[in-house]
Amino acid sequence: MKTEKEKMLAGEDYFGNDKELVAERTKAKRLLHKLNVTEYVMNGTSRNILQQLLPNAHKRLYIEPPFHCDYGYNIHSGENVYFNVNCVVLDTMKITIGNNVFFGPGVHVYSATHPLDAVERRSVEFSKPVSIGDDCWIGGNAVICPGVTIGNGCTIGAGSVVTKDIPDNSLAVGNPAKVIRKLIP
């Protein structure tokens with residue numbers, strides 16, 4: 001029988017208040033408190049905290065606190081990734097971020113989602129992976145929804161809500177985000 005964590009990582013319905021998952025989120029919150037309150041600037045101690053919190057992220061990752069995530073270990077990033085202030089990454093499933101990706105302030109990336117049925121929603125949730133290609137710029141206060149893939153070389157306009165996949169080299173804006181033009185690679 002699968003554990004609730006195994007179900008979560010497989011994208012199946014799972015119970016989010018499982019003891020193991022609560023303990024892992026608590027561990028992440030303790031590291032986030034150190035990053036967001038105790039240190040608050042990028043230095044050697046902050047880098048050590050990030051290595052513990054985000055073991056699958058490249059060491060050339062820069063985060064402007066405050067930053068929030070659920071687990072940390074589901075965030076997989078390439079090098080030269082920058083998160084501006086107030087970014088939130090709900091990483092209940094793998095979130096893949098390419099190289100040279102820049103997140104404006106207040107960007108939210110969600111892999112966590114919930115059933116539409118209200119009764120079902122009381123006891124389970126599920127996840128969908130998110131993927132962001134190389135050389136992307138995600139404008140401030142954009143929201144990237146569960147299951148979305150953003151191709152290489154994309155720009156997502158500030159305040160956009162990305163509900164569907166965005167092809168390579170596209171400028172997408174709006175709510176819901178729509179491709180308004182192709183970008184020259």
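Ellipticity at 222 nm from helices only: DSSP H runs of n ≥ 4 in the chain, each -39500 (n - 2.57), divided by the residue count, give -5500 deg cm²/dmol.
Relative to the current alpha-carbon distance between LYS128 and ASP18, full extension at 0.36 nm per residue lengthens the span by 37.7 nm. Per-residue Cβ neighbour counts within 10 Å put MET8, MET42 in the sequence MET42, MET8, beginning with the fewest. Using the Stokes-Einstein relation with a Kirkwood hydrodynamic radius computed over Cα pairs, the translational diffusion coefficient of the range 1-80 at 37 °C and a viscosity of 0.692 mPa s comes to 243 µm²/s. A straight chain from ALA118 to LYS178 at 0.36 nm per residue would run longer than the Cα-Cα distance by 18.7 nm. For the set LYS59/LYS182; LYS59/LYS94; LYS5/LYS34, the pairs lying more than 20 angstrom apart at their alpha carbons are LYS59/LYS182; LYS5/LYS34. Mean separation of Cα pairs under 8 Å and 6 or more residues apart, divided by the residue count, gives the range 85-185 a relative contact order of 21 percent. With K and R counted +1 and D and E -1, the other residues having a Cβ less than 13 Å from that of PRO176 yield a net charge of +1.
Among ILE184, ILE97, sorting on how many other beta-carbon atoms sit within 10 Å of each Cβ, with the fewest leading, yields ILE184, ILE97. For trypsin sites (Lys or Arg not before Pro), the sites in the range 1-101 that DSSP calls loop and that have at most 11 other Cβ atoms within 10 Å are LYS2, LYS59. Using a cutoff of 8 angstrom between alpha carbon atoms and counting only pairs six or more residues apart, the relative contact order for the chain works out to 14 percent. Taking the number of Cβ atoms within 10 Å of each Cβ as an exposure proxy, the fewest-first ranking of SER123, SER77 is SER123, SER77. Comparing the range 70-151 with the 2.2 N^0.38 Å rule of thumb, its C-alpha radius of gyration ratio is 1.12 (two decimals).
Every number here is computed from the coordinates shown, using simple stated rules; none is lab data. Here the structure is a predicted model, which is why all the values come from computation and not from measurement. FYI the Cβ positions are ideal-geometry reconstructions off the backbone, even for glycines, and counts take in every protein chain you see.
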